[in-house]
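Presented below is the structure to which this report refers.
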Amino acid sequence: MTDVVTRFAPSPTGYLHIGGARTAIFSWLLARHYGGRFYLRIEDTDLLRSKQEYTDSILASMRWLGLDWDNAPVYQTQRTDLYNSVVARLLADRHAYWCSCTPEKVEAMRKAAKQRGEKPRYNGQCRSRGIGPGQGRCVRLKLPLSGKIVFDDMVKGHIAVDVSELDDMVLRRADGMPTYNLAVVADDYEMGITHVIRGDDHVSNTPRQILIYQALGLSVPRFGHVPMILGHDRQKLSKRHGARAVIEYRRDGLLPAALVSCLARLGWSHGNQELFSLEELVRHFDGTNLNQAAAAFDPAKLEWTNTRFMRDMPLENLAALVSPFVRETGFSVQPKARLVALCAMFRERAGNLLTLAENFRPLLVPAAELAVNKKDAAKHFTEAGKTHLRALTGVFQACDPFAAGKIEEALNSYVANSGQTFKQVAPPLRTALMGFMGGAHLSDIIAFLGKEETLARLARFI
Ligand code: GLU
């Protein structure tokens, strides 16, 4: 395939949610797979509900997800001239006409049609009146009197709609504003869009848009209408199902690559593969294998995906990603190798970057500020426990070099020589170092803390 041009066309009336993100991912992947172009169009014609804040947030979400776009984003509110010129062309070619019917009148026509058992539609009263522009007049498309609109949807397959089911739709409202269908066709044509991937809530608009393309004598892009994402109970997805805005996932410390991998799998598959890097998605996503059955979003699976990505990614990358979250907790870890060491110790235990950064805290506070779990302290700082801590103070003091391997050796020989088991020695030590019975491998913790800090922690509880 040559020259694939796709777009994502959000309305900035809210934040980017996972449904929109999935549509954006599919459109982006298709363009990138074929080495084509991917554009962003902000459909901001609803002046009451559109907000700059939402546009900014959608762009930030796209960037965070790694979905780069070509050229500057296009804003519909800045393209009135284009829409007017397309309407003028349709009028000049007699594919459109001015209509003076009031909304009340049109409503009455629709009602009457319904009563006759027909589809509610405008009856074409102004079609041949030949009237021109004027106050309160809109422009309508002059539909062919019969025929079928047929298209081959990338997701839903063959779709055919009889023209008799449609009516002469409005292209330009009485207030001069273009309708959604007119603007979308004008934009998709002007931007050279070859493939339109969007939610299937738009599938009923597509035959109408095709009629506009035909009236303009333009070739029609390919369409792919992806089904909605549902909740686990197969109801419309909402917050209740654990679905959140993309910026919220970002704040929660999810990895963008995990979200992209998980969303791409909602309605698309490549064999049985579950996890995909962005590069793999680009390689495999060719616009086929799109599923027409609605997929259900599973937050647990997203978490699982995230854990896997955190575990499998290069430690340096993980360190870079967790770094802003560490700063949020009020710490700065220098040099980078120390942050890498923390990631190595804790990444198996954290489901996201936020908890990962929080898990570092006991190792970053000074000994005096270490919060201690009362229950663990009472249980493990017994006389026997304190005796171990005292003895270990000497063991660690003598440990040279103070590195994980040497520390492990020293610890093991202390346990063996004292005729105890690790199970007796480790809990007081762990509680003294971490403040609770958790954390990573003991010798790694001790090596990270360094001799001075390790001894200070033991001293606190002796
Ligand atoms: N602005 C529309 C929406 O957010 C998208 C229309 C389209 O992709 O054609 O649903």
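About its Cα centre, the dipole of segment 23-84 is roughly 160 debye, where the only charges are +1 on Lys and Arg Cβ and -1 on Asp and Glu Cβ.
Note on the chain: dipole from Cβ charges, positive end direction compared against THR80, LEU16, PRO103; the farthest Cα belongs to PRO103.
Ranked highest first by average number of other Cβ atoms within 10 Å, how do 221-234, 153-166 line up? The partial results should precede the final answer.
Numbers: 221-234: 18.5, 153-166: 14.9.
For the peptides 221-234, 153-166, the packing ranking is 221-234, 153-166.
If you take the square roots of the eigenvalues of the alpha-carbon gyration tensor of segment 61-121 and sort them as a ≥ b ≥ c, do you get rounded (a/c under 1.5), prolate (a/b over b/c) or oblate? The partial results should precede the final answer.
Details: a/c = 3.64, a/b = 1.83, b/c = 1.99.
Because a/c hits 1.5 or more and a/b fails to exceed b/c, segment 61-121 counts as oblate.
Each part gets one Cα centre, and for segment 73-101 versus segment 390-440 those centres are 78 Å apart.
Multiply the residue separation of GLU369 and ALA337 by 0.36 nm, subtract the distance between their alpha-carbon atoms, and state the gained length in nm to one decimal. Each step should come with its number before you reach the end.
Numbers: separation 32, 0.36 × 32 = 11.52 nm, distance 2.39 nm.
Residue separation times 0.36 nm, minus the Cα-Cα distance, leaves 9.1 nm.
For a 4.7 Å threshold on C-beta separation, the list of partnerless cysteines in the chain reads CYS101, CYS138, CYS262, CYS343, CYS399.
Amide hydrogen proximity for VAL226: with H placed 1.01 Å from N in the peptide plane, the residues at 5 or more positions away or on another chain lying under 5 Å are ARG198, GLY199, ASP200. Here the contact order of segment 1-135, divided by its residue count and restricted to Cα pairs under 8 Å and six or more residues apart, works out to 21 percent.
Let a ≥ b ≥ c be the square roots of the eigenvalues of the Cα gyration tensor of segment 41-84; is it rounded (a/c under 1.5), or, if not, prolate (a/b larger than b/c) or oblate? Working shown, then result.
Values: a/c = 3.97, a/b = 1.49, b/c = 2.67.
It comes out oblate by the Cα gyration axes.
Backbone N atoms of segment 87-109 closer than 13 Å to the 7 Å Cα→Cβ label point of ARG173 belong to residues 103. Peptides 7-13, 244-250, 411-417 ranked from most to least packed, by the mean per-residue count of other Cβ atoms within 10 Å: 7-13, 244-250, 411-417. The charge dipole of the chain, taken about its Cα centre with unit charges on the Cβ atoms of Lys, Arg (+1), Asp and Glu (-1) only, comes to about 1120 debye. Which whole-number percentage describes the relative contact order of the chain, with Cα contacts under 8 Å and a sequence gap of 6 or more? RCO, the chain: 13 percent. Taking the alpha-carbon centroid of each part, what is the distance from segment 12-27 to segment 307-353 in angstrom? Cα centroid of segment 12-27 versus Cα centroid of segment 307-353: 28 Å apart. Ellipsoid semi-axes for the chain, based on the Cα gyration tensor and the rule √(5λ), read 65, 20, 19 Å when sorted largest first.
Here the spin labels are modelled as points 7 Å beyond Cα on the Cα-Cβ line, and at GLN397 and LEU315 they lie 3.1 nm apart.
Every number in this text was worked out from the coordinates using simple rules, so none of it is lab data. Not measured: the values here are computed from a predicted model. Counting neighbours? That spans all protein chains shown, and the Cβs are built from the backbone with ideal geometry, glycine included.
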